[in-house]
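Take a look at the structure below.
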Amino acid sequence: MAPSGRDENIRLLIADVVQASKLPPKSRTINIKPVVAELTSAAYEHGLLPDALSDLIDLVTTPNHLDQASLAAIVRNLYPATRVSRDVGLRVVGSFGHGRLKPSLNIQAALLRWLILVYHALESPGFLSQAYQVLFCLLDTAATRPQLSHLLALVTRRKHVKPFRIQNLLNLSRQTGNDPSLIGLLRVFKDYYPEIIVAEAVRGKASAFKHPDPIWRARLDEIQEAHAQSMQDLAAPSQYDGFRVNRPINSGQRRKAIPLVQTYHASEVIYAPYVFNMAMQRLTLVQKSITLEEVENATKLAQNLEKIQLPNQMVAVLADPLLQKLLLLSPNGDAFQRITNWLQAVLDDVVSGGTDEDTFWDIIDVLREFVLHTKTVPPVLLSFFARFFEIWDGAGRRDLLLDIVAYTPLHEYDKLFSHIFQPLETAFLSQDPSSHAKLLALYTRLLRHWSALLCSIQVIPNHASSTVSALVQHVGVLAQTLAQSSPSVSAFSSILDFYEQFVRLISDERLRNHIRIELPPPSLIYMAFFSSSLAATSRLCHVLASFKKGFEMAMSSRSQQTGSQSDALSYKRAYVNRYNGFLMDFCNCLWRSRAFSDSDTNAVGCLIPRPVVAVLTEYVPMVDSSSSLGPLFGLSYSPVLCYQSIESVRDLEDNEMAQGKSISTRHAGPVTQASLARLASSGGMELSWQEYRIKVLHGLTDKGFPGVAELLKSTMTVLKNTMEGQAGTTS
């Protein structure tokens, strides 16, 4: 059934139940229980939209003639498909208490339980804080006390903990024989003012306030996620937006190694610096402080940024996004030192063998989330890795470590390689010799992080160029090994991901004068060029074309920026000639029909040994007397380009025929200069060799493979002017 049909069906069912609830059972013409069962089943399957939820809340909170079993079944299946509005929540709270117009105590208990279950999905939980006194006064009702105590424990903040409430709880606890739910709420109060609570009062068996029904919560999450997808509501805010203290719904979700945010012994006021009034009398500004637990949204965080007191366990920052935001917006040296001391102690236990494996990986998982949020790796963690990687066997949750190492700070490369990267590679490859791809992905992310760091700082470190260059050189060796051991499309894609990231770094207007261009190993370039992927060939050509712009910029800046790290003096003539050799070989293959020729300046014949070239030159005519070795890797014959080339000719022929021109012969392919002449003389389309090749390059660019055209245009000025001239004429 379509979503609109399901919602209409639920609306009709609710209307039937509401109408039946107005009549005594003996006055009804139908049995309402099957209708209630169908309604609850539909609510469980699809959830309730705001209007439907509002109607059912009105039904269960106002006097009616429905039996208690039906009302309880409805409350158990109040699955909201969206966030629960403040209005709905207030109507539920208003139904609590004693009186002829109030729901039964069993239904009130069920509604309290429902508020606990949907607490994370409340649109504005602040209304519960405003109704705190109303709820607190209902604790003397035994039938609803367990659920009410749990709800109050969720809502309680420091401002709610008052001496008269503490005294009332103590008295009520003594009257009820130390009710576990009251003891549990007392312990929540004790977290805020431990010196006030009598210790003996909280030594009894206390309620742990476990989540009432994790299965119900999981079903609610499924319903709300499905609804958001069906509405394509990508802009909808998440249920947990990072502006509240992280409170897991049950003990199974909590990271036991990391404490939760708790602020004990909080001061009611904080003192601002001294100021002077008009009479020059010294005054002290007093501001009311708040705890981090009282912050519930971004607005309150911004308004009270200077008034927030730090929690007792600062290491909670590792698992609490709100505390992370606070320390980013208001850095505190003492707080960072406390975090460092805790990490140092825990990591020392790991090295000494005092921590079991599961606990260790749980800690690493938390540290990973912290690093991903802050984009920084604490120095103490780097020091730990330097010791840990030496003794690690490469087993375990290795991806967690890769995610952390990807944000390694930009230090001198020799130290990073000897203490971090080399031991990490050794451990990885000892466990899985085929891990080169994962290591390559790590270095790509690391280079991306370093690029972001360099773009964000004012002064470029002196070691930046040498560190980045050393990393690129090392990755070149790693990529070469990967290409030789696994010459797949995915392998070349991963390799080119790294070099494209490097291109973005050296193309930055500010950084290009500080970062040296490092060429990939020659064998790696030719392996990628002759791969079976057109995308790899195009991306490689794009990388080399970008390098050419960098070399030209460096040479032109020699007289203008003598202090830059990448000017022409940084590149020896032999280094530039090697790069020019790549360009010449590519042009010989793609454009000049002279594959593997080494007779041109700087050309190295794609590193193919001359005896092999001689054998291939003799072999090709033996297979096809009309063919030769030179054109076999050009636009018409290359295994990755031939299909695109003939498709370009087909498009031209189709356009000619669409314009009413007579074409009696179509080109069968592959296209050569001679075949085009024969085509025109036999009644086919008239097309010159140059026009054909330019059309192929335009076609490749239009289909998302611009690299080949970029490389050829950057190398041959005449071709560049011709193509740009045609583009200008067309536009």
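The values are calculated or read from the model by the stated rules, or taken from the named source; none is laboratory data. Please read all numbers here as calculations on a predicted model, not as lab measurements. We place every Cβ from the backbone using ideal geometry, glycine too, and count neighbours over all the protein chains shown.
Below, the figures for the structure above:
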item	result
Segment 86-108 residues that are touching a residue at least 12 places away in the same chain (Cβ under 8 Å) and within 21 Å of Pro50 (Cβ to Cβ), paired with ones that are in a helix (DSSP H, G or I) and among the charged types (D, E, K, R) (beta carbon under 8 Å, 6 or more apart)	Arg91/Asp58
Some residue of segment 414-428 being surrounded by fewer than 19 Cβ atoms within 10 Å (Cβ to Cβ), modelled with pLDDT under 90, of a type outside the set (Lys, Arg) and over 22 Å from Ala464 (Cβ atoms)	no
Selected residue (only one of Ser465, Ser456, Ser494 is under 30 Å from Ser532 (Cα atoms) and of a type in the set (Ser, Thr, Tyr))	Ser494
Test for Asp51: is it in contact with a Ser or Thr (Cβ under 8 Å, 6 or more places away or on another chain), in a helix (DSSP H, G or I) and acidic (Asp, Glu)	no
Boolean, Ile420 is touching a residue at least 12 places away in the same chain (Cβ under 8 Å) and not hydroxyl-bearing (Ser, Thr, Tyr)	yes
Condition broken by Cys606, with the remaining ones in (1) in contact (Cβ under 8 Å) with a residue 24 or more places away in the chain; (2) surrounded by fewer than 17 Cβ atoms within 10 Å (Cβ to Cβ); (3) assigned to a helix (DSSP H, G or I) satisfied	(2)
Scope segment 101-135; condition in contact with a His (Cβ under 9 Å, 6 or more places away or on another chain), hydrophobic (A, V, I, L, M, F, W, C) and surrounded by fewer than 19 Cβ atoms within 10 Å (Cβ to Cβ); matching residues	Leu105
Unmet requirement for Asp58, which otherwise passes all of (1) under 21 Å from Gln224 (Cβ atoms); (2) of a type in the set (D, E, K, R); (3) surrounded by fewer than 17 Cβ atoms within 10 Å (Cβ to Cβ)	(1)
Among (1) crowded, with 17+ Cβ neighbours inside 10 Å; (2) touching a residue at least 40 places away in the same chain (Cβ under 8 Å); (3) farther than 21 Å from Arg539 by Cβ; (4) not aliphatic (A, V, I, L, M) - the single one Gly634 does not satisfy	(3)
Single residue of segment 87-100 satisfying the filter (surrounded by fewer than 22 Cβ atoms within 10 Å (Cβ to Cβ) and over 38 Å from the mean Cα position of the chain (by Cα)) that is nearest to Arg145 (Cα to Cα)	Gly97
Subset of segment 699-721 that is polar (S, T, N, Q) and closer than 18 Å to Gly634 by Cβ - its residue that is surrounded by the most Cβ atoms within 10 Å (Cβ to Cβ)	Thr715
Hits in segment 506-560 - residues which are surrounded by fewer than 16 Cβ atoms within 10 Å (Cβ to Cβ) and in a loop (DSSP other than H, G, I, E, B)	Ser507, Asp508, Glu509, Arg510, Pro521, Ser532, Arg558, Ser559, Gln560
